[in-house]
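Let me begin by presenting the structure, written as structure tokens, before commenting on it.
The values are calculated or read from the model by the stated rules, or taken from the named source; none is laboratory data. Owing to the predicted nature of the structure, the values given are computational and were not obtained by experimental measurement. Cβ sites come from the backbone with ideal geometry, for glycine too, and all protein chains shown count toward neighbours.
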Amino acid sequence: MGAAHHIPSIAILIVAGGRGARAGDGLPKQYRPIAGMTLLARTLHGLHMAMPQAALKVVIHKDDLDHYAAS
């Protein structure tokens, strides 16, 4: 038999598909840098530090693949 796969008992869904239009500048706010990290990266880092056993899943807008990859 193969090695058992660990399946996390906790999953966190981060919904980051908004356009952030009110923030201006044309860049959705989840991809804006704050003290060297994007808001999304800060969110993911904080959640991972608080619950390292959790599976983190991010939902993004279909047009934001490049922004997501860069963040």
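Take the residues in segment 30-71 that are part of a strand (DSSP E or B), in contact (Cβ under 8 Å) with a residue 12 or more places away in the chain and not hydrophobic (A, V, I, L, M, F, W, C), then tell me which one is nearest to Gly20 (Cα to Cα).
Within segment 30-71, the match that is nearest to Gly20 (Cα to Cα) is Thr38.
Can you name every residue in segment 1-26 that is part of a loop (DSSP other than H, G, I, E, B), surrounded by 10 or more Cβ atoms within 10 Å (Cβ to Cβ) and at pLDDT 90 or above?
The answer is Gly17, Gly18.
Using the structure shown, decide if Ala35 is modelled with pLDDT of 90 or more and under 15 Å from the mean Cα position of the chain (by Cα).
Values: modelled with pLDDT of 90 or more: yes; under 15 Å from the mean Cα position of the chain (by Cα): no.
So Ala35 fails the test.
Inspect segment 47-59 for any residue being of a type in the set (D, E, K, R), under 10 Å from the mean Cα position of the chain (by Cα) and at negative phi and give the result as yes or no. Outline the logic, then answer.
Residues of segment 47-59 of a type in the set (D, E, K, R): 57.
Still in the running and under 10 Å from the mean Cα position of the chain (by Cα): 57.
So of that shortlist, the ones also at negative phi come out as 57.
Yes.
Can you confirm whether Thr43 is in contact with a His (Cβ under 9 Å, 6 or more places away or on another chain) and surrounded by 12 or more Cβ atoms within 10 Å (Cβ to Cβ)? Quick ask: steps written out before the conclusion?
Details: in contact with a His (Cβ under 9 Å, 6 or more places away or on another chain): no; surrounded by 12 or more Cβ atoms within 10 Å (Cβ to Cβ): yes.
Considered against the rule, which asks whether it is in contact with a His (Cβ under 9 Å, 6 or more places away or on another chain) and surrounded by 12 or more Cβ atoms within 10 Å (Cβ to Cβ), Thr43 comes out as no.
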